Amino acid sequence: MKKFLLATAAMAIVSASAVYAKEVKIGIELGFTGPIESLTPGMAAGAEAAIKEVSASGALLDGAKVTAVRADSTCIDSGAAKAAAERLITSDKVDGIVGADCSGVTGAILQSVARPNGMVMISPSATSPALSTAEDDGLFFRTAPSDARQGQIVADILKDKGVKSIAITYTNNDYGKGLADAIKSSFEAVGGKVTIVAAHEDGKADYSAEVGALASAGGDVLVVAGYVDQGGSGIVRAALDTGAFDTFHFPDGMISDKLTENFGKDIDGSTGDNPGTDSPGAAILKKIGEKEGFDSTSPFVPESYDAAALLMLAMQAANSTNPADYKSKIMEVANAPGIKIFPGELAKALKLLKEGKDIDYVGASAVELIGPGESKGNYREIVIKDGKITTVRYR
Amino acid sequence: MVDFLNALVALTNYILVPAVAYGSQLALGALGITLIYGILRFSNFAHGDTMAFGTMVVILTTWWFQDMGISIAPLPTALLALPIGIIVTLALLLGTDRVVYRFYRKAKAAPIIFVMASLGVMFITNGIVRFIIGPNEQRFADGARFIIKAREFKHMTGLSEGLAIKVSQGITVVTAVIVVVALFWFLNRTRTGKSMRAFSDNEDLALLSGINPERVVTVTWVLVAILATIAGTLYGLDKSYKPFTYFQLLLPMFAAAIVGGLGNPLGAIAGGFVISFSEVGVTYAWKKVLVYLLPEQWAPDSLVQLMSTDYKFAVSFSILVLVLLFRPTGIFKGQSV
């Protein structure tokens, strides 16, 4: 009897609060089991920190309470991921989804669950270039850059340096192939010439044959889209030994202290790039993370915080939790013009939006959404000077 | 004329120098295989891993020497460590002979059983090497790196093509010549060498004339230990040391030994160079050389590469198959397989 009374009382409170203040539910669908299960708890905590911040402020939609509902995307099992997303929408009745994480399941959920149900999803970590061109009815966004973006950055750096022709070698896997293709098409788009795109296998003793082919094709700069601990260094070594190339460009897989340790001044004048930003957002989120008990420096945690924040800011801007209303507002709140918003300033942002002012959400990962609603990404351009990696600027 | 010189230099830099160095390394390895086949009468699959083991001991000794500050700069310290590597490798080879091969020899087992036993020895040696030094790449080259640097060569000659010769390539060729001369002197001039050849030609007659078979076997393993350790160390100095790549060397080395004629030392050397020149030549992109040589309107647009470098091993494998089909005894009339 006592239990029954308690239960009715609880029910009464729930329904009462539903009457006075609206409740907003955000689904967080990440691979809590599967290949990236070590990353997802941090990512979810990042998203939940943003939700908690907004909920505590009471500024969203005149005092709405925001709660998070977790679901498991498994990262690899599309069937399970779709079922979990279905549950979030039909049974938990969420108003927006942060997720999914891995590119494969993200595409599956988008096509068979989010689009039919008209649900907005913002992925913090799906980086496949294929998602840029996927049909999404304006429902899909991501706070992580597409892998193709780095190709653009490489092309820009080389063009600014006045490089006319390049040879590309890549490590023979999806990462290397995707990056090499992106660099080739971007560099050709800015008017450069790509003499050869050749794969190399990791773990060989000798790369002089590969370098022989690259040298035969020629080029001002050799782009090494490989790994510094693997064949990438072997290629550079053989190219220097035979005198085939003496300037290189190193994408992210090659940027490490190991590179300068291996080659020192021999590669002076070579350029490189890797993800990085000088925006203060990351440092602010680190402090929030220390207080809330999660590690904001773990991969994709800032992107997760930003994904959740963008969802709620867009709802405020549209003054609605209906995905059809707020989906068009996401790009608006994320990009300039407007007052810059950093992590921990969500309450201020919500107030500004209520007053009808424009905001430019910078967040923890310096978000700027481009093209079909994906992060522009932030890259650090480096140059090897006196045998050391030195930062040129951030792009 | 300048174009012709440039073509010649490019050819030397990308084909001649690397192929001669690689060929010498293969020849030394193939010599070990061919000696075992000629005298002990089986194909030793453990040879690649014997090389890995010998090189590992040389590397560990090199590190020890480097720690103590011993060096013979500008030559690599590894050369100084070679004798120790050879002795430890010899201990391993004689140990496996005592434990494994002698049993089958006494039982007069068929060659295929020996081959299978050597496969087992291969896996165990492989395991020992990975257990001691790990599966990763190790660096142990020190001293000067170049005899001629590409940039300096361009400066000196005014040609647009550079020529680089590494110290390790020079050492490889010089050492290979010395080892081969010494080996042939030993086999042809000394009493022990002659008795080994007699044993290889006709075992029964050799036994009748009073040759001690166990002594012949021991001397063979001594030669194999020397050849394997030197070949492995030269390969490691010139390229890099990683146990797995030594296992992969087994295919080109066997191809070299079979192409030359199994059991024939001269053939092993010729085979080594045939394999290395074909591997490098077939996978080389000839565009650069042709652009210099041909008149402008004939210059090729494509790379003129017969095969991608990924198919390097396919080249030695195809040669192996062709030789076995058309001339099973090899170029220099060895024993047929």
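For A:Asp95, what residues show an amide H to amide H distance below 5 Å, using hydrogens built from the backbone and excluding near sequence neighbours?
Amide H neighbours of A:Asp95: A:Lys25, A:Ile26, A:Gly27.
If the elastic network links every pair of Cα atoms under 10 Å, which of A:Ala209, A:Ala44, A:Ala318 fluctuates the most in the Gaussian network model of chain A?
Largest GNM mean-square fluctuation: A:Ala209.
Mind jotting down the distance between the C-alpha centroids of the stretch B:266-337 and the stretch A:325-395, whole Å?
That distance is 56 Å.
Neighbour counts of other C-beta atoms within 10 Å: give me B:His47, B:His155, A:His249 arranged from fewest to most. Could you put the intermediate results ahead of the total?
Numbers: B:His47 29, B:His155 11, A:His249 22.
By the 10 Å Cβ count, ascending, the order reads B:His155, A:His249, B:His47.
What translational diffusion coefficient, in µm²/s and rounded to a whole number, does the Stokes-Einstein relation yield for the stretch A:285-395 at 4 °C and a viscosity of 1.567 mPa s, taking the hydrodynamic radius as the Kirkwood radius over Cα pairs? Each step should come with its number before you reach the end.
Values: Rh = 15.3 Å.
Diffusion coefficient, whole number: 85 µm²/s.
Please identify which residues in the stretch B:58-80 have an amide N closer than 16 Å to a label point set 7 Å out from the Cα of B:Ile178, following the Cα→Cβ vector.
Of the residues in the stretch B:58-80, B:72-80 have backbone N under 16 Å from the label point off B:Ile178.
Rounded to the nearest 0.05, what FRET efficiency is calculated for B:Glu152 and A:Lys177 with R0 set to 51 Å and r the Cβ-Cβ distance?
Values: r = 37 Å, r/R0 = 0.73.
E(calc), rounded to 0.05, equals 0.85.
State the dimensionless ratio Rg/Rh of the stretch A:98-189 (Rg: radius of gyration of Cα atoms; Rh: Kirkwood radius). If you can, show how the numbers build up before the last one.
Numbers: Rg = 15.7 Å, Rh = 14.5 Å.
Looking at the stretch A:98-189, the ratio lands at 1.08.
Per residue of A:237-243, count partner chain C-beta atoms within 10 Å of its C-beta, then hand back the mean as an integer. Could you put the intermediate results ahead of the total?
Working: counts 2, 2, 0, 5, 11, 10, 12.
Across A:237-243, the average partner-chain Cβ count within 10 Å equals 6.
With runs of 4+ DSSP H residues as the only contributors, calculate the mean residue ellipticity of chain A at 222 nm using -39,500 (n - 2.57) per run, divided by the residue total and rounded to the nearest 500. Show your work: numbers first, answer last.
Working: 14 runs with 163 residues, N = 395.
Here the helix-only value at 222 nm equals -12500 deg cm²/dmol.
Provide the per-residue ³J(HN,Hα) series for the stretch B:74-81, in order, calculated from phi with Karplus coefficients 6.51, -1.76, 1.60 and θ = phi - 60°, each as a whole number of Hz, with x at glycine and proline positions.
x, 7, x, 4, 4, 4, 5, 7
For B:Gln305, what residues show an amide H to amide H distance below 5 Å, using hydrogens built from the backbone and excluding near sequence neighbours?
HN-HN under 5 Å from B:Gln305: B:Trp286.
Once you have a ≥ b ≥ c as the square roots of the Cα gyration tensor eigenvalues for the stretch B:91-236, tell me rounded if a/c is under 1.5, and otherwise prolate or oblate according to whether a/b is larger than b/c. Show your work: numbers first, answer last.
Values: a/c = 3.57, a/b = 1.77, b/c = 2.02.
Oblate shape, in that a/c is at least 1.5 and b/c is the bigger or equal ratio.
Could you check which residue among B:Gly281, B:Gly127, B:Gly260 shows the biggest mean-square fluctuation in a GNM of chain B with a 10 Å Cα cutoff?
Taking springs between Cα atoms under 10 Å, the residue moving most is B:Gly127.
Of all the C-alpha pairs in the protein assembly as shown, what % are more than 47 Å from each other? Provide the component values of the computation, followed by the final result.
Numbers: 103865 of 267546 pairs.
Counting pairs separated by more than 47 Å, the tail of P(r) holds 39 percent.
In the Gaussian network model of chain A, springs joining C-alpha atoms below 10 Å, which of A:Thr171, A:Thr90, A:Thr106 carries the largest mean-square fluctuation?
Between A:Thr171, A:Thr90, A:Thr106, it is A:Thr90 that shows the largest mean-square fluctuation.
With unit charges on the beta carbon (Lys/Arg positive, Asp/Glu negative), name the residue among B:Ile87, B:Gly271, A:Tyr326 whose Cα is farthest towards the positive pole of the charge dipole of the protein assembly as shown.
Looking along the dipole axis, the top candidate is B:Ile87.
Sort A:Tyr394, A:Tyr175 so the one with the fewest other Cβ atoms within 10 Å of its own Cβ comes first.
Working: A:Tyr394 13, A:Tyr175 18.
Lowest to highest Cβ neighbour count: A:Tyr394, A:Tyr175.
Quick one: which residues, 5+ away or cross-chain, put their amide H under 5 Å from the amide H of A:Val223? H built at 1.01 Å from N.
Answer set, sorted by chain and number: A:Ala167, A:Ile168, A:Thr169, A:His249.
Normalised by the number of residues in the stretch B:2-326, what is the relative contact order in percent for Cα pairs under 8 Å and 6+ residues apart? Mind dumping the intermediate values first?
Numbers: 486 pairs, mean separation 106.5, N = 325.
Normalised by residue count, the contact order of the stretch B:2-326 is 33 percent.
Over chain A, what is the mean sequence separation of C-alpha contacts under 8 Å (at least six apart), divided by residue count, expressed as relative contact order in percent?
Working: 858 pairs, mean separation 66.9, N = 395.
Relative contact order comes out at 17 percent.
With runs of 4+ DSSP H residues as the only contributors, calculate the mean residue ellipticity of chain B at 222 nm using -39,500 (n - 2.57) per run, divided by the residue total and rounded to the nearest 500.
On the way: 16 runs with 230 residues, N = 337.
For chain B, the value works out to -22000 deg cm²/dmol.
Among A:Phe141, B:Phe326, B:Phe244, B:Phe123, which comes first, second and so on when ranked by fewest other beta-carbon atoms within 10 Å? Numbers along the way, then the final one.
Values: A:Phe141 24, B:Phe326 7, B:Phe244 18, B:Phe123 13.
Result, fewest neighbours first: B:Phe326, B:Phe123, B:Phe244, A:Phe141.
In whole Å, what three semi-axes, largest first, describe the equivalent ellipsoid of chain A built from its Cα gyration tensor (square root of 5 times each eigenvalue)? Write out the running numbers ahead of the final one.
Numbers: eigenvalues 407, 87, 67 Å².
Working through the eigenvalues yields semi-axes of 45, 21, 18 Å.
To check my understanding: the extent here is largest minus smallest coordinate of the Cα atoms along each principal axis. What are those three numbers for the stretch A:10-158, in Å, largest first?
62, 34, 32
So what is the diffusion coefficient of chain B in µm² per second by Stokes-Einstein at 37 °C and 0.692 mPa s, using a Kirkwood Rh over Cα pairs?
Working: Rh = 21.2 Å.
Rounded to a whole number, D works out at 155 µm²/s.
Compare the Cα positions of A:Ser186, A:Thr133, A:Ala83 along the charge dipole of the stretch A:76-216 (+1 at Cβ of Lys, Arg; -1 at Cβ of Asp, Glu; about the Cα centre) and return the one farthest towards the positive end.
Ranked along the dipole, the leading option is A:Ser186.
Would you calculate the separation in nanometres between label points at A:Lys164 and B:Val99, each defined as 7 Å from the Cα along the Cα-to-beta-carbon direction?
6.4 nm
Taking the Cβ-Cβ separation of A:Ser328 and A:Lys193 as r and a Förster radius of 51 Å, what is the calculated FRET efficiency to the nearest 0.05? Walk me through the numbers before you get to the answer.
Numbers: r = 41 Å, r/R0 = 0.81.
Efficiency, from the Cβ-Cβ distance: 0.80.
What size of dipole, in debye to the nearest 20, comes out for the protein assembly as shown about its Cα centre when the only charges are +1 on Lys and Arg C-beta atoms and -1 on Asp and Glu C-beta atoms? Let's see the in-between values first.
Numbers: 64 positive and 68 negative charges, 393 e Å.
For this selection, approximately 1880 debye.
Rounded to whole Å, give me the distance from the Cα center of the stretch A:124-189 to that of the stretch A:22-46.
27 Å
How far is the Cα center of the stretch A:190-242 from the Cα center of the stretch A:283-311, in Å?
About 38 Å separates the Cα centre of the stretch A:190-242 from the one of the stretch A:283-311.
Using a Cα distance threshold of under 24 Å, what count of lysine pairs results for the stretch A:90-185 when pairs must be 8 or more residues apart or interchain?
Working: A:Lys159/A:Lys177; A:Lys159/A:Lys184; A:Lys161/A:Lys184; A:Lys164/A:Lys177; A:Lys164/A:Lys184.
The number of close lysine pairs in the stretch A:90-185 is 5.
Report the extension gain between B:Thr190 and B:Glu296 in nm, rounded to one decimal, defined as 0.36 nm multiplied by the number of residues separating them, less their alpha carbon distance. Kindly include the intermediate steps, with their values, before the conclusion.
Values: separation 106, 0.36 × 106 = 38.16 nm, distance 5.93 nm.
That works out to 32.2 nm of additional length.
Rule-based calculations on the coordinates, nothing more; no lab input. Not measured: the values here are computed from a predicted model. FYI the Cβ positions are ideal-geometry reconstructions off the backbone, even for glycines, and counts take in every protein chain you see.
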